[in-house]
Amino acid sequence: MTEAFDAVDIIRTKRDRGTLSPEQIDWTIDAYTRGVIADEQMSALNMAILLNGMDRAEISRWTAAMIASGERMDFSSLGRPTSDKHSTGGVGDKITLPLAPLVAVFGVAVPQLSGRGLGHTGGTLDKLESIPGWRAHLSNEDMLRQLAEVGAVICAAGTGLAPADKKLYALRDVTGTVEAIPLIASSIMSKKIAEGTGSLVLDVKVGSGAFMKDVDQARELAETMVALGKDAGVNTVALLTDMSTPLGLTAGNAIEVEESVEVLAGGGPADVVELTVRLAEEMLACAGVHDADPAAALKDGRAMDVWNRMIEAQGGDPPARPCPWRRSPRSSSRRPTACSWASTRSRWASPHGGSEQAAPARRTGCRRGRACGCTRSRERTCVRGSP
């Protein structure tokens, strides 16, 4: 960077609803990554962005600056199409777990870089770490090798991939700025573009259990991310899906893995199966595969075979039932914390349903803790006054 700016002036500009110049944005991201801008200052800027927004040019430049803060991956040597999926998150959203191996069945490589819990939502990596021995962190070489041999990988982004986002992601989580659309869009798309995937399907959640509470918000976020992806040459599509009630029957890291395995075995809750198949169809279509039958691959065991190989490749034990309370040295003598969602009265029809249902999960530590979980007893939707 040849020109330095004053962080306080940049905060004031956005506080007063001004527009940040490309040079100001480049400097801000670079300076924060290097530790020149303090967390307190970036927190203030994030809040100003949450309250006053950014225009499309600002979001595009912010995303580009985060990509430029690190390396970019290249999967062209695989000789096959690549496709990825990202969900904006919700209660019980475990779709990535069965989806990645399912898509890989049809010859499409799935480089799924996932994250930790954010806000009230659980993280894919936190879920998978409940499997004994499973490793979240892979080198770029290991990731490429696994994609070539297995076809799917779910892992943490490497330290060199969009390092600016890693700092911003953690900061947003503890400063009440998770819901800022410009920051959500740039966080997701900087990682996905830097990851090098050829196509991307976005599952944008909408409803009381999502970050986006109404359809207009969700559509704005979806359109912003699709534009960022297409500008970068990534074939990007978005689906708006309902998160007014939790997905499936479980919320909690270990028990969501178990439910995902049920789906891969040809069973599982109908809503989880339906969304998994729908997203698989979109990912395959984006990758140029149009004659596939994802539902059949769940029924006949092909998806389960890829899952087992994917988990084994990262040191995990696929047949083992996740039992973190037996294996963790800090909790070896404790049973898991558990709660239940009663499928009665107006719980599921509440206007605050999703956020209410996230509350017991938060209280038991489900977002990061392995030995906890919430379940609901019946897969049905109740309305006020129903038995």
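When the chain is fully extended, how far beyond the present Cα-Cα distance does Arg145 get from Ala320, taking 0.36 nm per residue of separation? Intermediate values should be presented prior to the final figure.
Values: separation 175, 0.36 × 175 = 63.00 nm, distance 2.46 nm.
Length gained, Arg145 through Ala320: 60.5 nm.
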Q. If amide H atoms are built 1.01 Å from N in the plane of the peptide, which residues on other chains or at least 5 residues away come under 5 Å of the amide H of Lys205?
A. Thr88, Gly89, Thr241
Q) Could you give the distance between the Cα centres of region 205-279 and region 1-48, to the whole Å? A) 32 Å
(Q) Run the reach check for Lys167 against lysines, Cα to Cα strictly under 21 Å, same-chain hits fewer than 8 apart removed. What comes back? (A) Lys14, Lys191, Lys192
Q.
Quick check of the Kirkwood formula: for region 51-160, what is the inverse mean of 1/r over all pairs of different Cα atoms, in Å?
A. 15.6 Å
**Q.** Proxy reagent accessibility, fewest Cβ within 10 Å first, across Ser83, Ser114, Ser43
**A.** Ser43, Ser114, Ser83
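What is the fewest-to-most order of Arg278, Arg145 by other Cβ atoms lying within 10 Å of their Cβ? Write out the running numbers ahead of the final one.
On the way: Arg278 17, Arg145 14.
So the residues, fewest neighbours to most, are Arg145, Arg278.
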Q) For q = 0.13, 0.21, 0.23 Å⁻¹, what log10 I(q)/I(0) does region 7-68 give under the Debye formula with an equal point scatterer on each alpha carbon and no solvent? A) -0.28, -0.78, -0.95
Q) Give or take rounding to whole Å, what are the principal axis extents of the alpha carbon atoms in region 226-282, in descending order? A) 39, 24, 19
Q.
With the alpha-carbon atoms as the only input, what is the per residue convex hull volume for region 119-245 in Å³?
A. 128 Å³
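Bear in mind that the values in this text are calculations on the coordinates, not laboratory data. Quick caveat, the model's predicted, so the values are computed rather than measured. Here Cβ is always computed from backbone atoms with ideal geometry, including for glycine, and neighbour counts include all displayed protein chains.
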